[in-house]
Amino acid sequence: MTYPAQGAPGGAPGTLARRALPIIGVIATLLLLWEGARLLFGLSEQRLPSLGSIIETMFTPTRGGAGPLLIVQMLANGWATFRVALGGFVIGGLLGFGLAVLFMRLPVLERGLMPYVIGSQTVPILAIAPMVVVGFGRMGAPPWLAKMVVAAYLTFFPVTIGMLRGLRSASPQSLDLMRSYAATPFQYFWKLRLPVSLPYLFTALKIAASAAVIGAIVAELPSGAREGIGVMILNAAQYYNSRPQALYLAILVAGLVGVCFYGLVVLAEHLIVKWRA
Amino acid sequence: MNTPPIIEFDRVSKVYQSGGGPVTALLDVSLSIAAGEFIALIGPSGCGKSTLMRLIGDLEQPSSGTVRVKGKTPEQARLDRDYGIVFQAPVLYEWRTVRRNVELPLEIMGRPPAERRERAMSLLRLVGLGDFGDAYPHQLSGGMQQRAAIARALSFEPSILLMDEPFGALDEITRERMQTELLSLWSSAAPRPTVIFVTHSIPEAVFLADRVVVMSPRPGRVQRIVPIDLPRPRVFETRESPGFFSLVTEVREALRATENERVEV
């Protein structure tokens, strides 16, 4: 049973339950499938750990009993990743925004630079991340800065493309109107092009939000990194054979970071783009 | 018409370069319009009536000939904010409330917020939208949106009003009501703005205008100018008077003549 997710902000209280229902339904179905598969195919704890054992793992203390609970450690590292992703998102977002405005004003620049902008995204981030992390490390920059740069690297591209499209989406008549008022170039931008492009910008920011988290995690993978959910994933992967639960837990927390980030962008969109029905 | 013309076309032509070669949208158009006149431009698609209007607004430039607006170039007139414009679509900015849409031109012209707000609200009341200032455009019907667009065009009291099929997307009932409302807005303004009103509808042109400029297509030319001597104020009964019918017939005949001429050529 699925209900269409009708995004009516400020709806009646009944709609909240109606919107939560499909989410709860999907989670329940997934959990049932998980445990059902274990029973049906007779999978061992090593092949597919039971939900019970994953939850149990959450509450085992780390460092031979001296450290915090595993879930606390995971969440703390998830929070570290979140902060890096957010920093990279802001840097990349501003860069993408700036490039889009520049390209709109100077189409010559767009023709000249766009191939490199696109090219930058076809190079696997896995190849670039170690270069950035190691390079920045040699220059004595703090590790979080290098990670943010990698997150920003993945963020700016969708923002540039989406924002550029948005800036060009003002209708000819809405531009004629500005012309009839003898508006200044800044007024064209501030009172027409920018507000018109906001829905496009937010679509791009939603894509960029998950890209920034991926970037932050990938930047945590090169050896030497000490915190972040990427480090947790690497550690857990090393002990996967003996204790697979930890990796599942790390994946869950990584997913949680991504979902929270995405939710933040959606929230900002609701607060800013409030004229849409 | 002893007053000097507010708008003057002197042998104006407009040629567009298109993929299939040059297209003559207007050929050798001469026309003068007096201050305070209500002019309707009518003709089949491609007769250049919208182009004519856009030349006045400096939204396009003539290929040859000259256009003068208040004795100035159209560009200077635009920079002096001499005209307000209304399109067939309301073109309200969807992220602004109705009131702030009406305020937009005043905002761009740097008027103080209190004055803007007061002016916008009094205009919205005038067009019957006094209770909808805080609504967003999408919450309004098509007719209401177009009223807001008219209020916006009038907000800075321009001496010229350019209207490009403003009621073309409305149903017949709303349309006739809007025509009457427009006339009362126009006649109550002091001084009366000069209105250039582009339309496809013969009864609409006759009901509103002092003169109907009948245009013919390919190339766009002024075919005939029909003076409309119906008494003002024009009311519901005007549309049922014999004088109205005979003028509608006259304009229709003039339009048909453009067809015949084209067939012969």
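Of all residues in region A:192-202, how many are open to solvent by 40 Å² or more (accessible area, probe 1.4 Å) and at the interface with chain B (Cβ under 7 Å from one of its Cβ atoms)? Please lay out each step first, then the result.
Start the filter on region A:192-202 by keeping residues that are open to solvent by 40 Å² or more (accessible area, probe 1.4 Å), which leaves A:193, A:200.
Cutting the leftovers down to at the interface with chain B (Cβ under 7 Å from one of its Cβ atoms) gives us none.
The total comes to 0.
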Given the conditions (1) within 25 Å of B:Leu255 (Cβ to Cβ); (2) open to solvent by 40 Å² or more (accessible area, probe 1.4 Å), which single one is not true for B:Pro22? (1)
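Quick grid of which residues meet (1) of a type in the set (A, V, I, L, M, F, W, C); (2) in contact (Cβ under 8 Å) with a residue 24 or more places away in the chain; (3) open to solvent by less than 20 Å² (accessible area, probe 1.4 Å):
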| site | (1), (2), (3) |
| --- | --- |
| B:Leu41 | yes, yes, yes |
| B:Ser45 | no, yes, no |
| B:Gly48 | no, yes, yes |
| B:Met53 | yes, yes, yes |
| B:Ser63 | no, yes, no |
| B:Lys72 | no, no, no |
| B:Arg81 | no, yes, no |
| B:Ile85 | yes, yes, yes |
| B:Ile108 | yes, no, yes |
When the residues of region B:58-101 are filtered to those that are of a type in the set (Ser, Thr, Tyr) and in a strand (DSSP E or B), which remaining residue is nearest to B:Glu8 (Cα to Cα)? B:Thr66
Read through the list (1) open to solvent by 10 Å² or more (accessible area, probe 1.4 Å); (2) in contact with a Pro (Cβ under 9 Å, 6 or more places away or on another chain), then give the number of the only condition that A:Pro244 fails. (1)
Could you please find all residues in region A:242-277 being within 14 Å of chain B (Cβ to nearest Cβ), of a type outside the set (Phe, Trp, Tyr) and outside any helix (DSSP H, G or I)? A:Val273, A:Lys274, A:Arg276, A:Ala277
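Considering region B:94-104 alone, what residues qualify as being open to solvent by less than 60 Å² (accessible area, probe 1.4 Å), over 16 Å from A:Arg193 (Cα atoms), within 12 Å of chain A (Cβ to nearest Cβ) and not β-branched (Val, Ile, Thr)? It would help to see each step written out before you state the result.
Initial filter on region B:94-104 (open to solvent by less than 60 Å² (accessible area, probe 1.4 Å)): B:95-99, B:101-104.
Those still in the list that are over 16 Å from A:Arg193 (Cα atoms) too: B:97-99, B:102-103.
Narrowing the set further to residues that are within 12 Å of chain A (Cβ to nearest Cβ) leaves B:97-98, B:103.
Across region B:94-104, the qualifying residue is only B:Glu103.
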Those residues of region A:167-191 which are within 12 Å of chain B (Cβ to nearest Cβ) and touching a Ser or Thr at 6+ places or on another chain (Cβ under 6 Å) amount to none
Matching helices (runs of 4 or more DSSP H) fully within region B:126-213 where at least 3 residues are within 14 Å of chain A (Cβ to nearest Cβ) and either modelled with pLDDT under 95 or surrounded by 23 or more Cβ atoms within 10 Å (Cβ to Cβ) (or both): B:142-154
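Looking at region A:39-55, which of its residues are of a type in the set (Gly, Ala, Ser) and either in contact with a Phe, Trp or Tyr (Cβ under 9 Å, 6 or more places away or on another chain) or on the phi < 0 side of the Ramachandran plot (or both)? Walk me through it before giving the result.
As a first pass, look at region A:39-55 and keep what is of a type in the set (Gly, Ala, Ser): A:42, A:44, A:50, A:52-53.
Those that are of a type in the set (Gly, Ala, Ser) and either in contact with a Phe, Trp or Tyr (Cβ under 9 Å, 6 or more places away or on another chain) or on the phi < 0 side of the Ramachandran plot (or both): A:Ser44, A:Ser50, A:Gly52, A:Ser53.
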Out of (1) of a type outside the set (Asp, Glu); (2) within 21 Å of A:Ile214 (Cβ to Cβ); (3) more than 14 Å from the chain's Cα centre (by Cα), what's the single condition that is false for A:Gly92? (3)
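The values are calculated or read from the model by the stated rules, or taken from the named source; none is laboratory data. Since we're looking at a predicted model, the values are computed, not measured. Here the Cβ is made from the backbone with ideal geometry for all residues, glycine too, and neighbour counts use every protein chain on show. Please note that ligands, DNA and RNA were not included when accessible areas were found on the heavy atoms of the full protein model with its side chains. Shrake-Rupley method; radii C 1.70, N 1.55, O 1.52, S 1.80 Å.
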